[in-house]
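The values are calculated or read from the model by the stated rules, or taken from the named source; none is laboratory data. Owing to the predicted nature of the structure, the values given are computational and were not obtained by experimental measurement. Heads up, the Cβs are rebuilt from the backbone with ideal geometry, glycines too, and the neighbour counts pull from every protein chain shown.
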Amino acid sequence: FILSMLLLVLAGNFLFLIVGWALVGLSSYLLIGFWYQRHSAVVAARKAFVMNVIGDVGMILGTFVLFTQYHAVTYAKVFDALPCAGGRSCNGGGDPTLELAGFLLLVGAVAKSAQLPLHTWLPDAMEGPTPVSALIHAATMVTAGVYLVGRMHPIYDLAPYAHGAVAIIGAVTALFAATIAIVQVDIKRVLAYSTMSQIGYMFLAVGIGAYSAGFFHLLSHAFFKALLFMAAGNVIHAMHDEQDMRKYGALWRQMRPTSITFLIGSLSLVGVIPFVGFFSKEEILGLAFSKPGDNVVHVLWLVGFVTALITGFYTGRMWWLSFWGKPSPQRPVEHPHAPALVMMVPVAILAVLATIGGFIETRALSTGPAAVSDFLASTVGPVRWEGGGAEIAVAFLTMILATALFVGALRIRPWTAYAPWAQRLLERKYYFDDIYDAAFVRPLDRVAGIALRDLEQPVIDAAVVDAGLLARWSAGELSLTQSGYFRNYVLVFVVGVVSIAAVLLFVRALT
């Protein structure tokens, strides 16, 4: 997987990009299905593979469109041939070919990064081992779509409709996934939907042209989300593979180091100062809020703001159910053991990075270094920052909401009591799986069953069997000529030579 990911990010042309893209999907399929004895893991791996292949088709078609137009597959040659490259004047973009290529490449990005509507594979991918989830489904593979849009920024800068679609899809997915995370009880699925939501923030950033902010959040998300997955893995290991948070409770007293590191990751996810998530997430919201004269972007900022509040809610709920309160009577282990040193060292390192990593870029405070922005300035241009404190307000509001949940969770009436229909809607994940199952899976299963019954078995299988029988019969008949007597072989040889000579003489006589 790491080799495939390196090939993807280091590729200098579309062909190697496609190869790395496909190999990453294949590696993910194999790792998700690692526990191949479990039917659910096999189904999840197959689902992830199919969804990613849909994205691969979009990638290949987008590359074909660019090759047809510019007769090149290397990034440099394609970018140099764009209408506004090399100082050439242009009319601000909107080229139909670039729009088409941008949308097709976006299909690949959406599938790989689990964004709407090709998102359903990521929660099921939690069937894989937890370290796999930390590496692939938090830090690397699922952010490949963000990398793709950023790497193709010369194309998207000239394709405003495709570029705008990136931001809209990201904002909608961020809110969509955050609402579903509210009702999840599996700790890894909460983190999976959280990953979808945070990648939505990255899509929002690169979709409004804030490429450095998107890549900074990609970096910071790798720190705190890998931390959360690894800490959750420690809890699951101590709970004898139980992932239902309702069966935890009061782990703070018995797993103090894991609880502290999980809290650091949670605060970073929420966006609380001074953790890394604050600096990256609030830079995205600040740039969206300060973008002049663009009402659509301001609406997307509002969506991101609401999503940040919901993030505080489900993160506080997750931490409360797992580590605070009272021990659940259904807890599989009364006295969970502390994780081994080899399990705690990576978690501790990630906790340090999640705590201090944000100080490499402190634009959210309107002062300090901007290492990521300065590094990318020569490629994507400088960042125009006019943050006015709204992003800081988001962090504090989410912190207050999460704290209120910690303190009062056992004394307030569940919100689901007021809107049971909303709980059903969220538990069914807005019925996306049901719709896909009814529209595609079951019809294709029926078609496959008909093909198996009426084509595969009576025609194809029968043809293969008959071909084998024919080969066996002809071999038996020809074996009669193999008598073992030398005189018979000489006779056949002489007859053959005479026949060939007669044919040659006849042909010469005709000519």
> Restricting to the range 243-254, what's the tally of residues that are at pLDDT 85 or above and either outside any helix (DSSP H, G or I) or touching a strand residue (DSSP E or B) at 6+ places or on another chain (Cβ under 7 Å) (or both)?
Replying inline: 3
> Looking at this structure, is H221 modelled with pLDDT of 85 or more, surrounded by fewer than 24 Cβ atoms within 10 Å (Cβ to Cβ) and either more than 17 Å from A181 (Cβ to Cβ) or not aliphatic (A, V, I, L, M) (or both)?
Replying inline: no
> Looking at the range 417-460, which of its residues are at pLDDT below 90 and hydroxyl-bearing (S, T, Y)?
Replying inline: Y418
> Which residue out of A205, A144, A159 is in contact (Cβ under 8 Å) with a residue 60 or more places away in the chain, more than 21 Å from the chain's Cα centre (by Cα) and under 27 Å from M59 (Cβ atoms)?
Replying inline: A159
>> G214 - would you say it is more than 26 Å from M245 (Cα to Cα), in the same structural domain as L116 (by the TED database) and at pLDDT 90 or above?
In response: yes
> In this structure, is I208 in contact with a Lys or Arg (Cβ under 7 Å, 6 or more places away or on another chain), more than 14 Å from T143 (Cα to Cα) and modelled with pLDDT of 90 or more?
Replying inline: yes
> Is it true that V53 is under 24 Å from I435 (Cβ atoms), surrounded by fewer than 21 Cβ atoms within 10 Å (Cβ to Cβ) and either under 15 Å from the mean Cα position of the chain (by Cα) or outside the structural domain of Y161 (by the TED database) (or both)?
Replying inline: yes
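If a residue counts only when it is closer than 25 Å to P160 by Cα, which helices (runs of 4 or more DSSP H) contained entirely in the range 255-354 have at least 1 such residues?
276-289, 295-323
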> What pairs come up if the first residue lies in the range 36-48 and is within 18 Å of A192 (Cα to Cα), the second is of a type in the set (S, T, N, Q) and outside any helix (DSSP H, G or I), and their beta carbons are under 9 Å apart, counting only those six or more places apart or on different chains?
Replying inline: K47/T120
>> Yes or no: the range 94-103 includes at least one residue that is surrounded by fewer than 21 Cβ atoms within 10 Å (Cβ to Cβ), under 30 Å from R189 (Cα atoms), over 13 Å from the mean Cα position of the chain (by Cα) and touching a residue at least 24 places away in the same chain (Cβ under 8 Å).
In response: yes
>> With the structure loaded, tell me whether G20 is small (G, A, S), crowded, with 18+ Cβ neighbours inside 10 Å and out of contact with any Ser or Thr (no Cβ under 6 Å at 6 or more places or on another chain) or whether it fails that test.
In response: no
>> Going by what's in this entry, would G271 be described as crowded, with 19+ Cβ neighbours inside 10 Å, under 20 Å from A232 (Cβ atoms) and at pLDDT below 90?
In response: yes
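Of the residues G58, G25, G33, which is in contact (Cβ under 8 Å) with a residue 40 or more places away in the chain, under 23 Å from D95 (Cβ atoms) and surrounded by 14 or more Cβ atoms within 10 Å (Cβ to Cβ)?
G58
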> Give me the pairs: first residue in the range 229-248 and more than 12 Å from T261 (Cβ to Cβ), second residue basic (K, R), beta-carbon distance under 7 Å, and six or more apart or on different chains, which are they?
Replying inline: Q243/K188; K247/R331; Y248/R331
